[in-house]
1. With r as the distance between the Cβ atoms of R78 and D49 and R0 = 22 Å, compute the FRET efficiency 1/(1 + (r/R0)^6) and round to 0.05.
2. At 1.4 Å probe radius, can you tell me the per residue accessible area of the chain in Å²?
3. Between R70 and A5, what FRET efficiency comes out of the Förster formula 1/(1 + (r/R0)^6) with R0 = 25 Å and r the beta carbon distance, rounded to 0.05?
4. Angle check, please: helix 2-13 long axis (alpha carbons) against the longest principal axis of the chain (alpha carbons), in degrees 0 to 90, nearest 10.
5. Counting only protein heavy atoms and using a 1.4 Å probe, what share of the accessible area of the chain belongs to carbon plus sulfur, as a whole percent?
6. To the nearest 10 degrees, how steep is helix 27-37 against the longest Cα principal axis of the chain, on a 0 to 90 scale?
7. Given a cut-off of 19 Å, what percent of all Cα-Cα pairs of the chain lie beyond it?
8. Extension gain A13-T87, at 0.36 nm per residue separation less the Cα-Cα distance, in nm?
Amino acid sequence: RALVARIVAAARASGARPLVATLTADAAAAAVRAHAEGPGAETVDLAIDLDAPGMRNLPHDGHPSPLAQRRYARRLSRALGAIASTTPPAR
């Protein structure tokens, strides 16, 4: 929590609009997003169903597949676009 708060504070102090993204749909990820929003970060949940067909890099390993990576990138791109198209909050 302290690290997230420091990163968000440093980014905001420099004039940046921090975005904290999480990759899992669990309570820990939700807590990270909620904690980041407190000091002023934008947040996005990028979680996808990695158990759906084609989402893992099987049979080689269980990491997200290229298809999953494209979905993460699409969601992240939308979040960044939404931030870029809005007026920044007051510091």
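1. Working: r = 18 Å, r/R0 = 0.82.
E(calc), rounded to 0.05, equals 0.75.
2. Values: 5980 Å² over 91 residues.
Roughly 66 Å² per residue, with all protein chains present.
3. Efficiency at R0 = 25 Å is approximately 0.20.
4. 60
5. 58
6. Computed tilt is about 30 degrees.
7. Numbers: 1979 of 4095 pairs.
The answer is 48 percent, as a whole percent.
8. Values: separation 74, 0.36 × 74 = 26.64 nm, distance 1.66 nm.
Contour length minus Cα-Cα distance gives 25.0 nm.
The values are calculated or read from the model by the stated rules, or taken from the named source; none is laboratory data. Keep in mind the model is a prediction, meaning the values are calculated, not measured. Quick reminder, even Gly has a Cβ in these numbers, built from the backbone with ideal geometry, and neighbours come from all protein chains shown. Please note that ligands, DNA and RNA were not included when accessible areas were found on the heavy atoms of the full protein model with its side chains. Shrake-Rupley method; radii C 1.70, N 1.55, O 1.52, S 1.80 Å.
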